[in-house]
Amino acid sequence: MNSKDFLTSTYGVRIPRIIYGTAWKKDSTAALVEQAIGLGFRGIDTACQPKHYNEAGVGDGVAACLHRGIDRADLYLQSKFTSLSGQDPMQVPYDPKASLSEQVAQSFQTSLKNLQTTYLDCLILHSPLANQQRTLEVWQAMEQIFHSGGAKQLGISNCYDLQQFELLYREAEVKPAVIQNRFYDETQYDRGIRDFCREQQIIYQSFWTLTANPTILAHATLQTLAAKYRRSAAQIFFRYLSQIGIIPLTGATSESHMRDDLAIFDFELTADECDAIEMLL
C-alpha cells in the first residue's frame, strides 16, 4: 500500500484505508491473515472474544509475516474489549468475577499475548455496556492502557445512538479516535454519527458493508460504474467509501477477492459519480 492508502488519526496513528477483518475465520485464521498481509493488507481487525474470533490465530499469521521481514511498525493491529454480555460463558478470556476495570486489563493482556505484540495500534470497546456509567468505567480503564503506552488510540464499535456517542465523547478524557459500525439501511447509514465524526475528526470504519447492501450493489448506478471502470460493484462501493473518508473492513477469504479489495486504490471515481452513489444511501 502507498502512503495515499492511509488516513492519519487525531492521535497521529496511520490507519490503512481498507482493513482485513478476522471474525468467524476459526482454524483458517492464521493462514488467511498471513495471506492477506502477504498480498498487501497492512491493517488487521480482531477482538478478544473467542466466541467469534481466533485472536491467537491472528497472532500466528502476523508472526509468520514478521519472520518474513515485514516490520511491526508497518502494521496496524486493532483489537477489542468485549464485555461479558458478548462472551461465550464457557470461554471468557478474563476473570468474569473481576471488576470491570480489571476485566479490561486482563483482556488487554490476553490480546497482547495472543497477538505476540507489545502494543495495539487501537483498542476498541466492542459495544456500549448496559448503561453510560458502566460504559465510562470501561472507557476509563482503556484510558489507563492508552496512558501506559499499551494502545496508541481508543475506539468504540456497535454504537448507533448519536446521543450516547456524543456523551462518551464529552465525558472521555482520551477521545475516541475511531468508531466501527455496521453500515446499512437500518441505521440510515449512520448519517448523524458520520456528521459528528467529520466535525470531531473521528475516523468511521464500516463493517457488514457488502453483505448488508445487496440492493445497492445490484443497483443500475453501481452496475454502470462497474462496467465503465471494468471493476466489480463491490470494488466501486468500497472505492466510493474510501473517497468519502470511510475505512471499510473486508473479510475476504479468497486470494482473488483480497486482490480485488486492495486494487480499489488503482482508480478514482469522479465527484458526480460519488454523488450518484450517495443518493442511494
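The values are calculated or read from the model by the stated rules, or taken from the named source; none is laboratory data. Since this is a predicted model, take the numbers as computed values, not measurements. Note: ideal-geometry Cβ built from the backbone for every residue, glycine included; neighbour counts use all protein chains shown. For accessibility, only protein heavy atoms count, side chains too; no ligands or nucleic acids. Shrake-Rupley method; radii C 1.70, N 1.55, O 1.52, S 1.80 Å.
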### Message
Residue pairs, Cβ under 8 Å, 6 or more apart or interchain, first in the range 120-139 and under 17 Å from Arg182 (Cα atoms), second among the charged types (D, E, K, R). List them.
### Response
Ile124/Lys80; Leu125/Lys80; His126/Lys80; Pro128/Asp161
### Message
Leu77 - would you say it is under 16 Å from the mean Cα position of the chain (by Cα) and not polar (S, T, N, Q)?
### Response
yes
### Query
If you scan the range 70-118, which residues turn out to be of a type in the set (S, T, N, Q) and in contact with a strand residue (DSSP E or B) (Cβ under 7 Å, 6 or more places away or on another chain)?
Gln78, Ser79, Ser107, Ser111, Thr117
### Query
Inside the range 188-281, counting only helices (runs of 4 or more DSSP H) that do not spill past its ends, which hold 3 or more residues that are over 29 Å from Gly155 (Cα atoms)?
220-229, 271-280
### Task
Please identify the pairs in which a residue from the range 72-93 that is modelled with pLDDT of 95 or more has its Cβ atom under 6 Å from the Cβ atom of a residue that is open to solvent by 70 Å² or more (accessible area, probe 1.4 Å), counting only partners at least 6 apart or on another chain.
Asp88/Lys51
### Message
If I filter the range 32-69 down to residues being basic (Lys, Arg) and over 22 Å from Met90 (Cα atoms), which single residue comes out as most open to solvent (accessible area, probe 1.4 Å)?
### Response
Arg68
#### Entry: Unique match (being under 19 Å from Ile37 (Cβ atoms), of a type in the set (A, V, I, L, M) and either modelled with pLDDT of 95 or more or surrounded by 15 or more Cβ atoms within 10 Å (Cβ to Cβ) (or both)) among Met258, Met279
Met258
### Query
Applying the selection to the range 95-110, what residues are open to solvent by 50 Å² or more (accessible area, probe 1.4 Å) and in contact with a Phe, Trp or Tyr (Cβ under 7 Å, 6 or more places away or on another chain)?
Gln106
### Query
Taking into account only those residues within the range 1-16 that are open to solvent by less than 80 Å² (accessible area, probe 1.4 Å) and closer than 15 Å to Leu262 by Cβ, which is modelled with the highest pLDDT?
Pro16
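Confirm whether Phe146 is within 30 Å of Leu112 (Cα to Cα), at pLDDT 95 or above and open to solvent by 10 Å² or more (accessible area, probe 1.4 Å).
Working: within 30 Å of Leu112 (Cα to Cα): yes; at pLDDT 95 or above: yes; open to solvent by 10 Å² or more (accessible area, probe 1.4 Å): yes.
So Phe146 fits the description; yes.
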